[in-house]
Amino acid sequence: MTVDEHQAVPAAALAPRFFTALAEDGFTAANALVTGDPGRIEPVSELLTDARVKSFRRGFKGATGHYRGLPVFLLSHGIGAPGIERALIELKELGVRSVIRVGTTGALQEGIEPGTLIVNDAAVRLEGTSLNYARPEFPAAASWDMTAALVEAARARQQTVHVGTGATTSSFFAGQGREPFTKWNAAAAGVLDEMHALGVLNFEMEVATLLTLARIFGVRAGAICTVVNNRVDKVPGWEFSTLDAAQVALDALVEADSAVVR
Ligand SMILES: O=P(O)(O)O[C@H]1O[C@H](CO)[C@@H](O)[C@H]1O
Ligand SMILES: O=c1cc[nH]c(=O)[nH]1
């Protein structure tokens, strides 16, 4: 059995597909950039040539186009693990072999400033979706070449980039230790201190799912997020563009693709 046969995603024959129209007119791409907010698709598509933006059910958006000659899909996956599960499985069915998530995140270590970038080379699986695929001990690890390409691309664009472990939660409020929503659950009340003590850099809601499922399915995956707040320094934030991170991710997809042995 080849690695590809072993890692093939079983066709979800009876499940409706949301994103098949991304491949209409025969457009194919082995590379994809995914992001939570559908509102980011239009601005990121402006970094592409021949960009075509498409709308899907439930408010999802996508686009096709070329970046420095490389065909790419852009796709929004919404908030949370099940959204990125659907996106990844459909992108794999469309022939995608490399995916980078571009998102926003809350920093958990002192001195990580809002507006800077975090590349997660691994993530703690505090969501539930990946547990349906692999036992908790299975690591959520990024592809080393995607991580290296992201860090290199960020530095080439003079971006401040932090590299390390993230934590992916299935809840924004209690799951990320936000009071007063933690008062019913001791695990929620302690999660911020626990992740901080472990040296985890950041909270967000999809990376561990992407990294776990991508590894199982034989897709290369990486993740880069813009820091929008710092939970330990108590710096609020929110109004930060993810366009710089998207630019870095597109550079990284080109760089990593050029190293693929076909
Ligand atoms: O900005 P996005 O990509 O949506 O990412 C982060 O923001 C959302 C929470 O506000 C979650 O999806 C989290 O992962
Ligand atoms: O604190 C934050 C910021 C963005 N996204 C999250 O999931 N948490």
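Criterion applied to 107, 122 was being in contact with a Pro (Cβ under 9 Å, 6 or more places away or on another chain) and either within 14 Å of ligand 1 (Cβ to nearest atom) or at pLDDT below 95 (or both), and the one residue passing it is 107. When the criteria are applied in full, residue 138 fails the requirement of being aromatic (Phe, Trp, Tyr), at pLDDT 95 or above, touching a strand residue (DSSP E or B) at 6+ places or on another chain (Cβ under 9 Å) and crowded, with 23+ Cβ neighbours inside 10 Å. Count, please, the residues in the range 24-80 that happen to be out of contact with any Phe, Trp or Tyr (no Cβ under 8 Å at 6 or more places or on another chain), in a helix (DSSP H, G or I) and either free of Cβ contacts under 8 Å to residues at least 60 places away in the same chain or of a type in the set (Gly, Ala, Ser) (or both). The total comes to 8.
Could you please let me know if residue 163 is within 13 Å of ligand 2 (Cβ to nearest atom), in a strand (DSSP E or B) and over 13 Å from the mean Cα position of the chain (by Cα)? No, not satisfied. Scanning the range 179-208 for residues being closer than 21 Å to residue 111 by Cβ and without any contact (Cβ under 8 Å) to a residue 24 or more places away in the chain gives a total of 3.
Mind listing just one residue for me: the one in the range 97-115 that is open to solvent by 20 Å² or more (accessible area, probe 1.4 Å) and within 16 Å of ligand 2 (Cβ to nearest atom) and, of those, nearest to the chain's Cα centre (by Cα)? Only one residue fits best here, namely 104.
Scanning the range 219-228 turns up one or more residues that are more than 12 Å from ligand 2 (Cβ to nearest atom), open to solvent by 40 Å² or more (accessible area, probe 1.4 Å) and within 20 Å of residue 151 (Cα to Cα).
The values are calculated or read from the model by the stated rules, or taken from the named source; none is laboratory data. Only a predicted model underlies this, so the values are computations on that prediction, with no experimental measurement involved. Cβ: placed from backbone, ideal geometry, glycine included. Neighbour counts: every protein chain shown. Calculation scope for accessible area: heavy atoms of the full protein, side chains included, ligands and nucleic acids excluded. Shrake-Rupley method; radii C 1.70, N 1.55, O 1.52, S 1.80 Å.
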